[in-house]
Amino acid sequence: VAVVFEDKELTYEQLDKRSNQLAHYLLSSYDISGGDLIGVILDRSDWLIVSLLGILKTGGVYVPIDPNYPEERKEYIKNDSGCIITIDSLLLESFDSDISIYSTDLPDVLIDSTDLAYVIYTSGSTGRPKGVMIEHRNIINTILSQISSFSITKEDICLQFASPSFDASIWEIFITLFSGSRLCIIKEER
């Protein structure tokens with residue numbers, strides 16, 4: 001099992017196939033090109049993980065935006081980053097209604113280690129939030145060193161509780177998935 005959220009479980013195979021299908025959907029429906037920035041406005045859930053992986057598999061760059069932010073801040077981040085689309089619950093409903101028509105194979109997209117993986121916005125303590133651009137190689141090196149430092153194995157169960165727009169969430173998610181352990185996601189309480 002890769003991901004647990006409420007009463008749902010996804011195996012690594014199911015997670016891989018579903019994120020491949022989302023990647024194909026994004027590539028065909030929105031003509032995603034390598035390096036395109038894609039906003040993600042979702043609460044913590046299994047769909048959040050599918051979305052992040054699906055974006056990465058398109059060669060796109062994800063921009064996590066906390067759904068609890070005020071509308072003005074969400075719009076600022078989308079506009080400032082130049083997101084070409086935003087994955088939210090409405091987009092996922094559309095995708096999920098046609099999911100079976102999309103290939104479960106990995107899209108044929110080349111991704112270089114120096115390509116951007118994600119852009120995460122600061123808290124904005126200086127006035128306006130600023131996007132920090134993270135390349136694949138940088139986050140992979142960080143994740144692999146943390147797996148080693150914390151001795152994470154496939155036998156472990158890891159918790160995902162940070163906001164998707166906080167960099168700690170990236171570590172929670174990818175330390176778990178890179179090590180083959182189980183990611184348990186806490187539901188957002190409002």
_Cut-off 11 Å, label 7 Å out along Cα→Cβ of Lys154, residues of region 1-31 by amide N_ = 1, 12
*Among Phe166, Ile111, Thr58, whose Cα lies farthest out toward the positive end of the dipole of the chain, if unit charges sit on the beta carbon of Lys, Arg (+1) and Asp, Glu (-1)?*
Phe166
_Taking all protein chains in place and a 1.4 Å probe, what share, in percent, of the accessible surface of region 1-90 do carbon and sulfur account for?_
46 percent
*Considering the convex hull of the alpha carbon atoms of region 40-190, report its projected area averaged over all viewing directions, in nm², one decimal.*
10.2 nm²
*Taking the dipole about the Cα centre of the chain, with the C-beta of Lys and Arg at +1 and of Asp and Glu at -1, give me whichever of Thr176, Asn141, Ile32 is farthest to the positive side.*
Asn141
_How large a share of the accessible area of region 93-190, in percent, is made up of carbon and sulfur atoms when the probe is 1.4 Å and the other protein chains stay in place?_
54 percent
*Place a +1 charge on the Cβ of each Lys and Arg in the chain and a -1 charge on the Cβ of each Asp and Glu, then give the dipole magnitude about the Cα centre in debye, rounded to the nearest 20.*
420 debye
_Size of region 20-65 as Cα extents on the principal axes (Å, biggest first)_ = 26, 19, 14
*Whole number in Å², please: accessible area per residue of the chain, 1.4 Å probe, ligands, DNA and RNA not counted.*
50 Å²
*Amide H of Val40: which non-local residues (sequence gap of 5 or more, or other chain) have their own amide H closer than 5 Å, using H built in the peptide plane?*
Val63, Ile65, Ile87
_Anisotropy class of region 1-113 from Cα gyration tensor, a/c 1.5 cut_ = oblate
*Over the chain, what relative contact order in percent results from Cα pairs under 8 Å that are six or more residues apart?*
26 percent
*Quick one: dipole size for region 126-190, taken about the Cα centre, charges +1 on Lys/Arg Cβ and -1 on Asp/Glu Cβ, in debye to the nearest 20.*
200 debye
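The values are calculated or read from the model by the stated rules, or taken from the named source; none is laboratory data. Only a predicted model underlies this, so the values are computations on that prediction, with no experimental measurement involved. Counting neighbours? That spans all protein chains shown, and the Cβs are built from the backbone with ideal geometry, glycine included. The area values use the complete protein model at the heavy-atom level, side chains included, leaving out ligands, DNA and RNA. Shrake-Rupley method; radii C 1.70, N 1.55, O 1.52, S 1.80 Å.
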